[in-house]
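Undergrad: This structure is in structure tokens; I'll ask about it shortly.
What follows is calculated from the coordinates using simple rules that are stated; it is not laboratory data. The shown structure was predicted, so the numbers you read here are calculated from the model rather than taken from an experiment. Counting neighbours? That spans all protein chains shown, and the Cβs are built from the backbone with ideal geometry, glycine included.
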Amino acid sequence: MRTWLRTASNRFPPLRAVLRVFRRQDQRVPSPWAAIIRREGANWKKARRAAHEGPRVLIAPSMGGFQQGVLLESALAIALTLRGAKVDILLCDSFLPACQLTEIASVSPDQLLRQRPQLRCASCSPAGKAMFEPLRLPVYWYSQLVSIEEAHAAQEMAAAIPLDQIGECRLDGLAVGEHALAGALRYFARGDLKGEPAGEQVLRCYLEASLLSVYAIQELLRRNRYDVACFNHGLYVPQGLAGEVCRKAGVRVINWNPAYRKHCFIFSPGDTYHHTMISEPTSQWENIAWSPALETRTLEYLRSRWKGTQDWIWFHDEPQEDLAKIAQEVGVDPSRPWIGLLTNVMWDAQLHYRSNAFPSMLEWVLQTIAYFARRPELQLIIRIHPAEIRGGVPSRQPLAAEIQRAFPSLPPNVFVIPPESQVSTYAVAQRCNAVIIYNTKTGIEVASMGVPVIVAGEAWIRNKGFSLDATSPAEYFQTLDRLPLGTSLNAHDLERARKYAFHFFFRRMIPLPFINPLERFRFTLDLSSLEQLTPGHSPGLDVICDGILRDTPFIYPAERLG
């Protein structure tokens, strides 16, 4: 007989606060579905009954406060039900001590470690409940899936494991430590925890949350058999653990992320797209029947990205594109070869990829600077990613400071464009003899310009047949020894790069026109009836639902449908 935390909350004072907050605020957030369901209640009830024996699908938003997540996933829950699937929902009810939504900008380490859900979770779980409650689909809550014995075990294990072993810690073969470390680094917005007084305590907090996530999802899978589970991102706490548990249990996993283009999303089978895009077979795109029309469409979109006019997110409103003014501002000599180096955000690069040539992005940058100090005939232009200061989670480990620490005086042929600069990354890259990248997706765009790209990390263009890929420091520096390169990409490689760009930006990014940008990082729905979510009304939604239910590729046939 399991003993549930909800019925024994008197033994855990923090849980009493959790439940008070949850009960007090659970009706404050309006749902975009309430009016539609009220008008079409009979049809919706009929659809739910018809789906009772259908494929079992777990939609696991977990974080109700992740607005773009619950908006899309609630729409998916309805669309899948209308296609005959029996859908369950998994949400957190202020139970986990830390998660992806816990950010240092809004929750200090002291507040986090004091376990104050009224600060961390006051709007999160009520938002999830309000979004999904009108759907009348089964909802499971984390606190109801973990026993008191498991809660004690998670607390004790998180406190006892040696600090230097946390990152490698596994439970039942599941990488709980890796996701805990990812969560702590994201919380601090750093590539490491050095110099953070509360770093160890916060890391242990995330380890406890990882363990609790595993216990909750394992119990849910013991109760119910699912054919497939769908949830956002596939990294961090708790989504990364949901993926770990489901894959081990033989449940097919689908992860999704907002894409660059407006109204578009990327879905990936098996794991987060940060990993699957690297291993995706080239056969998915290399045989596209290429045409001048597709090339023109691709290049027009890529040019729009200079200002982000067709995208959800952009970093410059008025980018500086004049090369003469850029050269003057940066201090670079137009008469000598330019070699570009494009960075990632420090903590982001640490989490999303398993590096190849170097153990970290910082190590790559510093060794590259040291190399170019010995090549005075070349000029290295380091473009620090604008997302360091303009992203959703601004970095607290600025790369410029790390460079200055290692090189108080930069070599005279090395130049740094800081993240706040309005200098256009694209204009600089287009002028370069070659561009070096670690993980950045911008490598796809640079290669499509015809500029050779050297890959030092796990960038998506690696092994696609049009980049110079290094798998070790020795191979990397041997490639740099070839600089400056004599020519740009040849015609074959350039076409291949543009085919891949079309595949990535138009085929892997699946349009859902009924989800519109409201403001930066937030969406709104443009739907008036359930019928708009039925088969045949949205080609993109059909691709997504077929991929979830039938395991077909999440590829939108943009070359045919436009």
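Undergrad: If we sort 342-348, 486-492 on the protection proxy, mean other Cβ atoms within 10 Å, highest first, what's the order? Provide the component values of the computation, followed by the final result.
TA: Details: 342-348: 25.3, 486-492: 11.3.
Highest to lowest by the protection proxy: 342-348, 486-492.
Undergrad: Taking 7 Å along the Cα-to-C-beta vector as the label spot, tell me the LEU113-PHE315 distance in nanometres, rounded to one decimal.
TA: The modelled label-to-label distance comes out at 3.3 nm.
Undergrad: Okay, moving on. Excluding residues on the same chain fewer than 8 positions from LYS194, give the aspartates and glutamates whose Cα lies under 19 Å from its Cα.
TA: Once the sequence-local aspartates and glutamates are set aside, what remains near LYS194 is GLU103, ASP110, ASP164, GLU168, GLU178, ASP348, GLU363, GLU388, GLU402.
Undergrad: Okay, next question. Counting Lys +1, Arg +1, Asp -1, Glu -1, what net charge surrounds ILE59 among other residues with beta carbon under 9 Å of its beta carbon?
TA: Details: positive: none; negative: GLU73, ASP88.
Overall, the nearby charge balance is -2.
Undergrad: Sorted by average packing, counted as other Cβ atoms within 10 angstrom per residue and highest first, what order do 463-469, 322-328, 253-259 take?
TA: Output ranking for 463-469, 322-328, 253-259: 253-259, 463-469, 322-328.
Undergrad: Classify the range 290-507: rounded, prolate or oblate, from the alpha-carbon gyration tensor (a ≥ b ≥ c, eigenvalue square roots; a/c under 1.5 rounded; otherwise prolate if a/b is larger than b/c)? Show your work: numbers first, answer last.
TA: Values: a/c = 1.35, a/b = 1.23, b/c = 1.09.
Since a/c stays below 1.5, the shape of the range 290-507 is classed as rounded.
Undergrad: Sticking with this one: Please give the Cα centre distance for the range 467-501 versus the range 53-89, rounded to the nearest Å.
TA: Distance between centres, Cα-based: 42 Å.
Undergrad: So, one more: Considering amide H positions built from the backbone, and no H for Pro or chain starts, which residues 5 or more places from VAL416, or on another chain, come under 5 Å of its amide H?
TA: Amide H to amide H, under 5 Å and 5 or more residues apart or across chains, VAL416 pairs with ILE382.
Undergrad: If r is the Cβ-Cβ distance from SER488 to SER283 and R0 is 41 Å, what FRET efficiency results, to the nearest 0.05? Present the calculation step by step, with values, prior to reporting the outcome.
TA: Values: r = 27 Å, r/R0 = 0.65.
According to the calculation, E is roughly 0.95.
Undergrad: Amide H to amide H under 5 Å from ALA229: which residues, 5+ apart in sequence or cross-chain, H placed 1.01 Å off N in plane?
TA: HN-HN under 5 Å from ALA229: LEU58, ARG252, VAL253, ILE254.
Undergrad: Right, something else. Among DSSP beta bridges whose residues both lie in the chain, state the antiparallel percentage, nearest 5. Could you put the intermediate results ahead of the total?
TA: On the way: 14 of 49 bridges.
So the antiparallel bridges amount to about 30 percent of the total.
Undergrad: In percent, what relative contact order does the range 290-507 have, based on Cα pairs under 8 Å that are 6 or more apart in sequence?
TA: Details: 351 pairs, mean separation 50.3, N = 218.
Answer for the range 290-507 is 23 percent.
Undergrad: Please report the spacing between the Cα centers of the range 359-384 and the range 526-562 in Å, no decimals.
TA: Measuring centre to centre over Cα atoms gives 45 Å.
Undergrad: Here's something else I'd like to know. When the chain is fully extended, how far beyond the present Cα-Cα distance does SER472 get from ARG374, taking 0.36 nm per residue of separation?
TA: Working: separation 98, 0.36 × 98 = 35.28 nm, distance 1.98 nm.
Between SER472 and ARG374, full extension yields an extra 33.3 nm.
Undergrad: Now for a separate question. Can you give me the long-range amide H partners of SER147? Hydrogens built in the peptide plane at 1.01 Å from N, cutoff under 5 Å, separation of 5 or more residues or another chain.
TA: Residues meeting the criterion, in which the H sits 1.01 Å from N, do not exist here.
Undergrad: Highest mean first, what order results for 266-272, 225-231 on Cβ atoms within 10 Å? Mind dumping the intermediate values first?
TA: Details: 266-272: 19.4, 225-231: 21.0.
Ranked by mean Cβ neighbours within 10 Å, highest first: 225-231, 266-272.
Undergrad: DSSP H helices in the chain with Cα extent of 20 Å or more along the helix axis and mean Kyte-Doolittle hydropathy at least -0.5? Could the numbers behind the result be given before it?
TA: Numbers: long enough: 67-82 (23 Å, 1.29); 199-223 (36 Å, 0.25).
Those that clear 20 Å and a mean of -0.5 are 67-82, 199-223.
Undergrad: Just report the Cα centroid separation between the range 179-235 and the range 278-324, whole Å.
TA: The distance from the Cα centre of the range 179-235 to that of the range 278-324 comes to 34 Å.
Undergrad: Apply the Karplus parameterisation 6.51 cos²θ - 1.76 cosθ + 1.60, with θ equal to phi minus 60°, to every residue of the range 163-173 and state each ³J(HN,Hα) to the nearest whole Hz, in sequence, with x for glycine and proline.
TA: Computed from phi, the couplings for the range 163-173 are 4, 6, 9, 4, x, 9, 5, 10, 10, 6, x Hz.
Undergrad: Set the Förster radius R0 to 25 Å, insert the Cβ-Cβ distance between GLU168 and ASP481 as r into 1/(1 + (r/R0)^6), and round the FRET efficiency to 0.05. Working shown, then result.
TA: Numbers: r = 36 Å, r/R0 = 1.44.
Taking R0 as 25 Å, the efficiency between GLU168 and ASP481 is 0.10.
Undergrad: Once Lys and Arg get +1 and Asp and Glu get -1 on their Cβ, which of ASN490, ILE417, ASN433 lies farthest toward the positive end of the dipole of the range 290-507?
TA: Sorting the options by dipole projection puts first ASN490.
Undergrad: If you don't mind, another one. What aspartates and glutamates does LYS129 reach when the alpha-carbon gap must be under 18 Å and sequence neighbours fewer than 8 apart in one chain are set aside?
TA: ASP26, GLU73, ASP88, ASP93
Undergrad: Tell me, what is the percent relative contact order of the chain, built from C-alpha pairs under 8 Å that lie six or more residues apart? Before the final figure, lay out the partial values.
TA: Working: 991 pairs, mean separation 78.7, N = 562.
Once divided by the residue count of the chain, the mean separation gives 14 percent.
Undergrad: Going down the table (LYS464/LYS499; LYS46/LYS86; LYS248/LYS464; LYS45/LYS86; LYS262/LYS307), which pairs top 18 Å between alpha carbons?
TA: Values: LYS464/LYS499 11 Å; LYS46/LYS86 13 Å; LYS248/LYS464 30 Å; LYS45/LYS86 13 Å; LYS262/LYS307 14 Å.
Going by Cα-Cα distance, LYS248/LYS464 fall outside the 18 Å limit.
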